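Asks: Below you'll find the structure I mean.
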Amino acid sequence: MAKRIVVPSPLPGFGLTFGFTTFFLSSVILLPLAALVIRALGIPFSELIGLLLDERAVASYRLSFGAAALAAAINAVFGFIVAWSLVRYEFPGRRLLDTMIDLPFALPTAVSGIALATVFSPTGWLGTKLAIAGVQVAYTWIGVVVALVLIGLPFVVRSVQPALIEVRKDLEDAAESLGAGGFHVFRRIILPTIMPALATGFTLAFARGIGEYGSVVFISGNLPLKTEITPLLIVIKLEQYDYNGAAALGFFMLAMSFVMLFAINLVQQWGQRRMGLGVQR
Amino acid sequence: MSIALDQVTKRYQSHPVVNDVSIEIQQGEFLVLLGPSGSGKSTLLRAIAGLVEIDHGRVSLHGRDVTGVVARDRGVGFVFQHYALFRHMSVADNVEFALRVRRMKRADRLERRTELLKLVALEGMDDRLPAQLSGGQQQRVAVARALAHRPEVLLLDEPFGALDAKIREELRRTIRKIQQELGVSTILVTHDQDEAFAMADRIGVMHQGRLLEVGTPDELYARPRTRFVATFLGAANLLLGYRRGSALRFERPGAENVTPREIVAVIRPEEVELTTGKVSKDLTLVGSGVVEELQFAGSTERLRVRMPMTGTMPATPDREGADGSSWLLDASRTFPEQRANPLAVGQKVTVSARRIHSLPTPITSFTAVARDQANVEALRDSPLLAALAARMQTRITIRTTRTASAPPGMPVLAAGPGAAGTALWNLAHGASQVFVLPHGAELPARIVVLPGAEAGVGALGVAASLLRHVPAESVLLAIHEAETPERERAAHLRVLLDARSKALLDHGLDLRTELRFGDPDAELARELGMQANSMLVLGLDSLDDRETARLKGLLEGPTLLPVLIVRAPDGAG
């Protein structure tokens, strides 16, 4: 008998729902992306390479990827601490704080961008204080990192939170009864257990940071070669009717997104294997 | 002494989950803490391991007071219900965890690990991850891990709870064997009585945070001291029985001149004899009933006999299958018995008992006494009495007729005008305790015990009985009149302390003790006024005028509170 691709299910409507899924995914995601790829690959190869390796483009990659990686790393540390205090302690206002974590998700990114720019600008009330210390945040790469930290925080917190809840009190009790001190318990038991979740959170925050636009452009100052991020460069190229340049950079970003998603998947699989999925407890 | 607990108390949000537990466990002993879920047994175990901080009391391991010592320095082995294995570590790393923490050398670790895995029959599993093992194997790893650092105390928290019956049986045997081989003092927590019977040297039964009774399995089964233990350890019929001299009858006495002594009789189903003919002389007649249910249960036959409430009376109020006029008695028979005398559903049988154990409980039943039906029902349904009866699994009967003697069980009266007189009359006519309730009284938050001299032991026994079921603070009050000579004071104090230690011994009850000097009535009033919702347990040495006046003040005065009066036994004083 021929092997069936679809396992029959007692639920009716498979044809309809699957058809809709394919149609929806194609029209909303695949089609525009395919158009982008075709447009980019239509550019002669040598010109494409030239566009991708343009000095301004490379500087923007460095800023986008560097700032995103740094912001994700900062978030991995502080997001973990936030998640820890939300999961482990009971304090007044905990639920409110828990809700506030999602604000960067919900807020239009332009709003957070303007808010950050206002606070950190040399005349803003944090900016003036930092200026005394000789640190300028707005219109420098530091500002980009600050914006990306704000945007990326919920990704880390929301990834780590369920994993931390999963670390049963039993495990820590067991380690403690076996003679392990607090630091040892944290390093040998808690950290390894939540590592996959933390890695997922880091990768998500990183991916989001690379693509972030709205919150960054107001605080970065957008100086070419200095504080210009790749998504902004695409917009600039579009405004200058440089469609080839925009398509080439878009294609590059798309490829990077794929790599990111692939990495996230690998990380998750690794975590599941390590924690022994299947025999759940 | 391997493990010693002294008045260990743990509260969550001021509600005690472990209440005043004291016990000592010998070197190499296997103690099973048995109790329903929520009885505080797991919390107690965690307190011993140091995983839970206690609010009061002391924990000693091998003579070392470890109350303030953190878990990692107590050196106990702990096994959790859900194994709590480190899932990212191999079996080897799990087992060696405690050794690594102690910076043991690699070769020594390997040797110890091999030895341990052999002990739990998991040789060669070193490199597996916990996820690759079955539940039973995981728990074996957990046991090996807990034993790695050679703890002198092993604590197991429902270790078989997540396993199926066959594996459970096997693991039970393994653990018992290991425990005996190593001679490690062990406490196991479970809610499964079969498990307790199978493994324990001694069983401690916990209920509502208190350690009710401790004893060997057969001791606890044959001679329980409390209703709870009698029914929690195996099936039991609890009946109200009436003793006159050496004769025991189960028929409820009518209005008689002399009040018989009421007891709570425990009759195990296997001690029930069902006959259709005459009852043999060496058996105690219980009554007669009709077979309602016959059930084949493998090696035995289980029967339920419907008994009319008019004859015998169950001691517990909400027995399964009971209605207003009849109740169900459990019996079981072996097959030889069944062959010799086959029975059928609907058959009328005479019920007798081969062996009867009477509970040493001071409160057998309550009898609400009032002049008319409306008042007696109000008294019966008052919140305090209803709550007490439900918690203590004690029956409330009612009586409205005037009789020549006090009712059996504890008479319950309404406070107010005339209450002191009625209370004294009951005490003089056969009752050994009287309970006087103000209208609408609630469960007390504090119980003050003023024991008296001769009545002290009885009063403390009653107080212990109450306190086992009521999560109330308890205070033992001793008042010395200012002008009492020194010598008498000492004698008085000795009586008090004797009564207290007897209460501790008999009922596991420990009370905070307060000594006061001054006018007895004023001091008592002061103590009772310190907190609303108090209750008084009063030991009454004599029924003289002075006591009468005091009772009048307590039972008829402007501020009323529940008072339980315990009379000194006959012949005393």
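The values are calculated or read from the model by the stated rules, or taken from the named source; none is laboratory data. From a predicted model like this one, the values you see are computed outputs, not experimental measurements. FYI the Cβ positions are ideal-geometry reconstructions off the backbone, even for glycines, and counts take in every protein chain you see. Note: accessible area is taken over every heavy atom of the protein model, side chains too, but ligands, DNA and RNA are not part of it. Shrake-Rupley method; radii C 1.70, N 1.55, O 1.52, S 1.80 Å.
Asks: Please list the non-local residues whose amide H lies under 5 Å from the amide H of B:L188, H modeled 1.01 Å from N, same-chain partners needing a gap of 5 or more.
Replies: Result for B:L188 returns B:L31, B:V32, B:L33, B:L156.
Asks: Further, regarding this structure: Heavy-atom accessible area per residue, the protein assembly as shown, 1.4 Å probe: how many Å²? Spell out each step's value before the answer.
Replies: Values: 40330 Å² over 854 residues.
For the protein assembly as shown, the solvent-accessible area averages 47 Å² per residue.
Asks: Another question, if that's okay. May I ask you to list the residues of segment B:190-214 whose amide nitrogen lies under 16 Å from a point 7 Å from Cα along the Cα→beta-carbon direction of B:R223?
Replies: Output list for this probe position: B:203, B:213-214.
Asks: Please list, by residue number, every one of the GluC sites (Glu not before Pro) in segment B:65-145 that is coil in DSSP and has at most 15 other beta-carbon atoms within 10 Å.
Replies: Values: sites: B:E96, B:E111, B:E115, B:E123; in loops: B:E123.
Answer by residue number: B:E123.
Asks: On to the next question. Between B:T548 and B:A525, what's the calculated FRET efficiency when r is the beta-carbon distance and R0 is 25 Å? Round to 0.05.
Replies: Details: r = 17 Å, r/R0 = 0.69.
Once rounded, the FRET efficiency stands at 0.90.
Asks: Show the residues, 5+ positions off or on another chain, whose built amide H is closer than 5 Å to the amide H of B:E213.
Replies: So B:E213 has HN proximity to B:V205.
Asks: Show me, for segment B:300-313, the HN-Hα J-couplings you get by feeding each phi into the Karplus relation (A = 6.51, B = -1.76, C = 1.60, θ = phi - 60°), rounded to Hz, glycine and proline as x.
Replies: With the stated coefficients, segment B:300-313 comes to 10, 10, 9, 10, 10, 10, 7, 10, x, 5, 5, x, 8, 10 Hz.
Asks: Out of residues 5 or more away from B:S358 or on other chains, whose amide H comes under 5 Å of its own, with H placed 1.01 Å from N in the peptide plane?
Replies: Under 5 Å from the amide H of B:S358: B:V266.
Asks: Okay, next question. For the B and A pair, go ahead and give the buried accessible area with a 1.4 Å probe, both sides summed, in Å² to 100. Mind dumping the intermediate values first?
Replies: Values: alone 25740 and 16910 Å², together 40330 Å².
Interface between B and A: roughly 2300 Å².
Asks: Can you compute the label reach from A:L107? Point 7 Å from Cα along the Cβ direction, backbone N cut-off under 18 Å, restricted to segment A:143-168.
Replies: Flagged as within label range: A:143-158.
Asks: Quick check: convex hull over the Cα atoms of chain B, volume per residue in Å³, rounded to an integer? Kindly include the intermediate steps, with their values, before the conclusion.
Replies: Numbers: hull volume 101.6 nm³, N = 573.
Roughly 177 Å³ of hull volume per residue.
Asks: Work out, step by step, the length gained on full extension between B:R102 and B:N375: first 0.36 nm times the residue separation, then minus their alpha carbon distance; give nm to one decimal. The partial results should precede the final answer.
Replies: Values: separation 273, 0.36 × 273 = 98.28 nm, distance 7.11 nm.
Contour length minus the Cα-Cα distance gives 91.2 nm.
Asks: Let me ask you something else. What is the ratio of the Cα radius of gyration of segment B:151-255 to 2.2 N^0.38 Å, where N is its residue count, to two decimals? Could the numbers behind the result be given before it?
Replies: Working: Rg = 18.3 Å, N = 105, 2.2 N^0.38 = 12.9 Å.
The value comes to 1.42.
Asks: Oh, and also: Can you work out the Karplus-derived ³J(HN,Hα) for every residue in segment A:96-108? Use 6.51 cos²θ - 1.76 cosθ + 1.60 with θ = phi - 60°, whole Hz, and x for glycine or proline.
Replies: Calculated HN-Hα couplings, in order: 5, 4, 4, 5, 4, 3, 7, 3, x, 5, 7, 5, x Hz.
Asks: Could you pull out the longest piece of chain A with no exposed loop chymotrypsin sites (Phe, Trp or Tyr not before Pro) in it, calling a site exposed if DSSP puts it outside H, G, I, E, B and it has at most 13 other Cβ atoms within 10 Å? Write down the numbers at each step before the final one.
Replies: Details: sites that count: A:Y89, A:W125, A:Y241.
Between the exposed loop sites, the longest stretch runs A:126-240.
Asks: Using only the alpha-carbon atoms, what does segment B:355-471 span along each of its principal axes? Please give whole angstrom values in decreasing order.
Replies: Computed over the Cα atoms, the extents are 36, 33, 29 Å.
Asks: Now a separate question. Springs between alpha-carbon atoms under 10 Å, Gaussian network over chain A: tell me which of A:T17, A:T227, A:T109 tops the mean-square fluctuations.
Replies: Maximum among the listed residues: A:T17.
Asks: Here's a follow-up. Testing the spin-label approximation: label points 7 Å from Cα along Cα→Cβ at B:E53 and B:D201. State their distance in nm.
Replies: 3.3
Asks: In whole Å, what are the Cα extents of segment B:233-330 along the three principal axes, biggest one first?
Replies: Result for segment B:233-330: principal-axis Cα extents of 48, 32, 28 Å.
Asks: Considering every residue in B:69-80, what mean count of other chain Cβ atoms within 10 Å of its Cβ is obtained?
Replies: Numbers: counts 0, 3, 9, 10, 3, 3, 3, 2, 2, 6, 2, 7.
Rounded to a whole number, the mean comes out at 4.
Asks: What is the spin-label model distance, in nm, from B:A121 to A:W125 if the labels are put 7 Å beyond Cα along the C-beta direction?
Replies: 7.2
Asks: A follow-up question, please. Quick one: Karplus J couplings for segment B:223-236, per residue in order, coefficients 6.51, -1.76, 1.60, θ = phi - 60°, nearest Hz, x for Gly and Pro?
Replies: 10, x, 9, 10, 4, 4, 5, 4, 8, 7, 8, x, 7, 8
Asks: Mean-square fluctuation check for chain A, GNM, Cα pairs under 10 Å: which of A:V119, A:V28, A:V149 is largest?
Replies: Of A:V119, A:V28, A:V149, the Gaussian network model singles out A:V28 as fluctuating most.
Asks: Further, regarding this structure: What are the trypsin sites (Lys or Arg not before Pro) within segment A:1-62 that DSSP puts in a loop, where the Cβ has at most 16 other Cβ atoms within 10 Å? Don't skip to the answer; put the middle values down first.
Replies: Values: sites: A:K3, A:R4, A:R39, A:R56, A:R62; in loops: A:K3, A:R4.
Taking segment A:1-62 and a limit of 16 other Cβ atoms within 10 Å, the loop trypsin sites (Lys or Arg not before Pro) found are A:K3, A:R4.
Asks: What would the Debye formula give as log10 I(q)/I(0) at q = 0.17 Å⁻¹ for the alpha-carbon point model of chain A, no solvent?
Replies: Taken in order of the listed q values, log10 I(q)/I(0) reads -1.33.
Asks: Which trypsin sites (Lys or Arg not before Pro) from segment B:274-359 combine a DSSP loop assignment with at most 14 other Cβ atoms within 10 Å? Don't jump to the answer; show the numbers that get you there.
Replies: Working: sites: B:K278, B:K281, B:R302, B:R304, B:R306, B:R319, B:R333, B:R339, B:K348, B:R354, B:R355; in loops: B:K278, B:K281, B:R319, B:R354, B:R355.
Those satisfying the criteria are B:K278, B:K281, B:R354, B:R355.
Asks: Fully extended, how many nm does the chain gain between B:D164 and B:K177 (0.36 nm per residue separation, minus their Cα-Cα distance)? List each step's numbers first, then the result.
Replies: Numbers: separation 13, 0.36 × 13 = 4.68 nm, distance 2.00 nm.
Gain in length upon complete extension: 2.7 nm.
Asks: Could you look at segment B:267-412 and say what percent of its accessible area is carbon and sulfur, using a 1.4 Å probe and all protein chains?
Replies: Values: 3490 of 6670 Å².
C and S fraction of accessible area: 52 percent.
Asks: Given R₀ = 51 Å, FRET efficiency for A:S9-B:S358 by Cβ-Cβ distance, to 0.05? List each step's numbers first, then the result.
Replies: Values: r = 66 Å, r/R0 = 1.28.
Step by step, r from the Cβ atoms, then E = 0.20.
Asks: Distance in nm between label sites at A:W270 and B:D194, each 7 Å beyond Cα in the beta-carbon direction?
Replies: Each label point lies 7 Å from its Cα, and together they span 4.7 nm.
Asks: Further question on the same structure: Over all alpha-carbon pairs in the protein assembly as shown, figure out the percentage whose distance exceeds 35 Å.
Replies: Values: 240744 of 364231 pairs.
Of all Cα-Cα pairs in the protein assembly as shown, 66 percent lie more than 35 Å apart.
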